[in-house]
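What follows is calculated from the coordinates using simple rules that are stated; it is not laboratory data. As the structure is a prediction and not an experimental result, all values here were calculated from the model.
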Amino acid sequence: MKKRVVFLIPVLLLALILSGCGGHAKPGTAPIPAEPPPLSESGAPVGARSAVSTENGKTVSDLTERKLIVDVNMDIVVEDVAKAEERVEKITSKYGGYVASTSLSGEEEEKSGSMTLRIPAANLDDALKEISGTATEVERYSRNTKDVTAQYVDYKARLENLEAAEKELRAMLEDVRKRPNASAKDILDVYDQLVKIRGQIDSVKGQLKVLEKLVAYSTVHLTLTQAVKPLPGTGWQPGRTVRAAVHALIVSLRWIADAFIWTVIYVIPVLAILAIPLALVVYLVKRLLRRKGRKREAKPE
């Protein structure tokens, strides 16, 4: 019996302790929430992935069509420069473009001309193909494409931010005007900020307009050269030889100029850097040889 009493005492004590602990908690009390995660400057939790506004899971870069500026340089040889110029102008108009500038020079077989064409990007390839068909020879053709999508998106974002700021300033200006104790200085301060924002909006809109026009219309720099008729019975075309010689001269002069620039900017500095340690080594060797010579002279015979 005593053994059973001794065994029950610790059990009862443990039950009382557990019941006391349970009584401290009030029924229906919610657990204390964990400390919320720190927020970044944008208001999003630190470590959360920041995303650009999307539509159907696509990013802004996906939604924005690529903006490309295309520049074409083409030199063609034609039978008659004046007639070819008229033909090129008609082709350009046919594909929805226009001639931005044109010029003619020379007489007879030395005639030449240059034209700057603005052709819709969608019709560029077809127009160039037809223009090439008017030539007896295409001497040079180059095409440069510049992707300005990022610049376009940046301008769009800046414009949206500036327009939002303008809207806030207009609301602020109305609020200031309605205040009975508002001074003229208060109104002018807000108005000055509104004028500055308006100027920035006009500037960005202008840049966007220029960019959109450059993207919509490709630029073609066209050079027209009169075809030189060969001398009777020889097949020799001196005009073509002259052009080839001039072209070779330009290439040679360009090579000489490039070689000079590389020599001045790269070769001479590198040689100077290499010459410093070499000169130091030569100086130390000479000094060492002089010391040995002096020691030999100082020894008694």
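Roughly speaking, what is the stretch gain from residue 100 to residue 153, that is 0.36 nm per residue apart minus the C-alpha to C-alpha distance, in nm to one decimal?
16.3 nm
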- Restraint check, 67/167; 67/156; 94/146; 83/213, Cα-Cα greater than 20 Å: 67/167; 94/146; 83/213
